[in-house]
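A.B. asks: Got a structure for you, written out below as structure tokens; questions coming shortly.
The values are calculated or read from the model by the stated rules, or taken from the named source; none is laboratory data. Only a predicted model underlies this, so the values are computations on that prediction, with no experimental measurement involved. Positions of Cβ are generated from backbone atoms using ideal geometry, with glycine treated the same way; all protein chains shown enter the neighbour counts. Remember, those area values only see protein heavy atoms, side chains included, never the ligands or the DNA or RNA. Shrake-Rupley method; radii C 1.70, N 1.55, O 1.52, S 1.80 Å.
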Amino acid sequence: MPTFSIQTLGCRANQADSEQLRQILLGAGFLEVPFGSPADCAIVNTCTVTGEADRKSRQTLRRASRQAGTVVATGCGITRRGGLQALPGAVLKLAPESREQVLELLGASGCPGGTALRHGLQAARSRALLKVQEGCDHFCSYCIVPYVRGRSRSTPAQALVEGARRLEEAGHREIVLTGIHLAVWGRDLPGRPDLADLLDRLLERTRQVRFRLSSIEPMSFPHRILERMARFPDRVCPHLHLALQHASDALLKRMRRDYTWAEYDLLARDFLGSVPGACLTTDVLVGFPGETQADFEVLTDRLRTLPFLHLHVFAYSPRKGTAAALYPDQVPEIIRKTRSEQVIRLGERLARAVRHRFRGRVRPVLVERAADRAGEWLGTADNFLSVRLPGPPALLGRIVPVRLGREEDGLLRGLLVGEEFALGR
Ligand code: SF4
């Protein structure tokens, strides 16, 4: 049986693309093996959002060349404006929009495949990504994505409903809606629907899945979403990954983010106050050009005022081709690193406080994979808390009510308190 591995760098849009590639290869009879194991084919989904992302993509491709007969590079790094024009070794390029042609590409390169039966060892089929939007028109000053992924394009609702139904029929219980700039879905479609309209269609035409929004920008955030979360608590996950990046208004302006801390704070509090059980996670970009010690203190002081369950912290690194790479007041690397470590530690403290608040409560948990201890399982609650629970293998892939207990290594221990969740509406 031919084997493949995939390594995905960068954002959730890349994760969604990788998921599609994975399904094509599994469907053709390939067996997935962990990245790092010998394989007939290794796919590296590259990211070019910063210079550091380019470096990591290149390094991953070199690693893949040592493990696999055929290496395929896809993602933003290989597009016209991407940073990986000269690829290491004999690497095949697959444009992100040509994912469907992966088998032809492999066939033409002599990579084995296509005949063996589909294997059942692939990762649990519980959660799936559904990409609803591609590209971005926003041009944040640090970001190369609008140059490499082009203008914002939304997939029409009907195609997404069909995609969601297929995922539901394939046994997925959670569908994550992803996009490069998810908040603007629908703006380019007739009638200019928004994400709340899309959710209405998806909820009507599916029964056994819950929906989660992936990373979303506060600019153009469709407020009606909050009402859907509150009204359909078992079908729309009460979780937002609302990308903040910074809390100093001066820095937000230089990043061209088009909101102030006060506006972000208001939106976050609206969400937390109107959606029961809600949890908030975010991205933070530290060490952006011009960030003074005072700006950094504003950032950490303000982060402390919201109950973040997770801070995804990036230390800024300049990306050629973006406006910010030319800003004169770059922050020295050692300061960027020290500041990002400080914010990571702050994030851990904030997360512990949020987890503590949920102890003793019952949440619907999607059981996703086996834990390292026999007879234990790992899962994700609707509000994104990570949970470890004991139980039979039959729990895998199901949404079950779990009472949350004490914290252990960043997870909450849970106990099953009932039967599989029947999702309403
Ligand atoms: S919204 Fe900003 S950070 Fe996000 S993809 Fe667009 S330009 Fe990049």
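A.B. asks: Residue 338: accessible area at probe 1.4 Å, nearest 10 Å²?
C.D. replies: 70 Å²
A.B. asks: Moving on. Of 56/320; 131/320; 56/131, which ones are farther than 19 Å apart at the Cα?
C.D. replies: Numbers: 56/320 15 Å; 131/320 27 Å; 56/131 24 Å.
Correct reply: 131/320; 56/131.
A.B. asks: Which semi-axis lengths, in whole Å and largest first, follow from the square roots of five times the eigenvalues of the Cα gyration tensor of segment 362-416? Working shown, then result.
C.D. replies: Working: eigenvalues 41, 33, 17 Å².
Rounded to whole Å, the semi-axes are 14, 13, 9.
A.B. asks: Let's test the formula: R0 of 35 Å, r as the Cβ-Cβ distance of residue 109 and residue 153. What FRET efficiency results, to the nearest 0.05? Each step should come with its number before you reach the end.
C.D. replies: On the way: r = 30 Å, r/R0 = 0.85.
About 0.75, to the nearest 0.05.
A.B. asks: Apply the Kirkwood formula to segment 288-331: the hydrodynamic radius equals the inverse of the mean of 1/r over all pairs of different alpha-carbon atoms; give it in Å with one decimal.
C.D. replies: Working: mean 1/r = 0.0818 Å⁻¹.
Result for segment 288-331 stands at 12.2 Å.
A.B. asks: Hey, rough spin-label estimate for residue 338 and residue 270, points 7 angstrom out along Cα→Cβ, what's it come to in nanometres?
C.D. replies: So the label points at residue 338 and residue 270 sit 3.9 nm apart.
A.B. asks: Short version: what are the Cα gyration tensor semi-axes of the chain, square root of 5 times each eigenvalue, largest first, in whole Å?
C.D. replies: On the way: eigenvalues 189, 178, 96 Å².
Three semi-axes, in Å: 31, 30, 22.
A.B. asks: Let me ask another. Give me the log10 of I(q) over I(0) for segment 3-109 at q = 0.13, 0.21 Å⁻¹, as the Debye formula computes it from C-alpha points; what are the numbers?
C.D. replies: Result of the Debye calculation: -0.39, -1.09.
A.B. asks: Of all accessible surface on segment 362-416 at a 1.4 Å probe, what whole percent is carbon and sulfur?
C.D. replies: Working: 1260 of 2240 Å².
About 56 percent, which is the carbon plus sulfur part of the accessible surface.
A.B. asks: Only helices at least 20 Å long along their own axis, judged from Cα atoms, and with Kyte-Doolittle mean hydropathy of -1.0 or greater: name those in the chain from DSSP H.
C.D. replies: Details: long enough: 12-27 (22 Å, -0.73); 51-67 (25 Å, -2.10); 333-357 (36 Å, -0.86).
Membrane-span-like by this criterion, though nothing is claimed about a membrane: 12-27, 333-357.
A.B. asks: Under 4 °C and 1.567 mPa s, how fast does segment 185-280 diffuse according to Stokes-Einstein, given a Kirkwood radius computed over C-alpha pairs? Answer in µm²/s, whole number. Present the calculation step by step, with values, prior to reporting the outcome.
C.D. replies: Values: Rh = 14.4 Å.
Result for D is 90 µm²/s.
A.B. asks: Could you sort 144, 180 by their accessible area in this structure, using a 1.4 Å probe and putting the largest first?
C.D. replies: Working: 144 0, 180 30 Å².
Descending accessible area places them as 180, 144.
A.B. asks: Would you mind getting the accessible area per residue of the chain, heavy atoms of the protein chains only, 1.4 Å probe, in Å²? Before the final figure, lay out the partial values.
C.D. replies: On the way: 18010 Å² over 425 residues.
Computed with neighbouring chains in place, this is 42 Å² per residue.
A.B. asks: Here's another thing I want to ask about it. Could you give the dipole magnitude of segment 362-416 about its Cα centre, charging the beta-carbon of Lys and Arg +1 and that of Asp and Glu -1, in debye to the nearest 20? Before the final figure, lay out the partial values.
C.D. replies: On the way: 8 positive and 7 negative charges, 37 e Å.
Dipole of segment 362-416, to the nearest 20 debye: 180 debye.
A.B. asks: At 1.4 Å probe size, with the rest of the protein present, what percent of the exposed accessible area of segment 127-357 is carbon and sulfur atoms? Before the final figure, lay out each step's value.
C.D. replies: Values: 5030 of 9380 Å².
Result for segment 127-357: 54 percent of the exposed heavy-atom area is carbon or sulfur.
A.B. asks: Using alpha carbon coordinates only, what is the Rg to Rh ratio of segment 127-357, with Rh defined as the Kirkwood radius? If you can, show how the numbers build up before the last one.
C.D. replies: Working: Rg = 18.3 Å, Rh = 18.6 Å.
Using Cα coordinates only, the ratio equals 0.98.
A.B. asks: Provide the gained length on full extension for the span residue 348 to residue 323, in nm with one decimal, where the gain is 0.36 nm per separating residue minus the Cα-Cα distance. Each step should come with its number before you reach the end.
C.D. replies: Values: separation 25, 0.36 × 25 = 9.00 nm, distance 3.19 nm.
Length gained, residue 348 through residue 323: 5.8 nm.
A.B. asks: While we're here: With a sphere of radius 12 Å drawn around the Cβ of residue 3, what net charge do the other residues whose Cβ falls strictly inside it have (Lys, Arg +1; Asp, Glu -1)? Numbers along the way, then the final one.
C.D. replies: Details: positive: none; negative: 32, 40.
Charge balance in the 12 Å sphere: -2.
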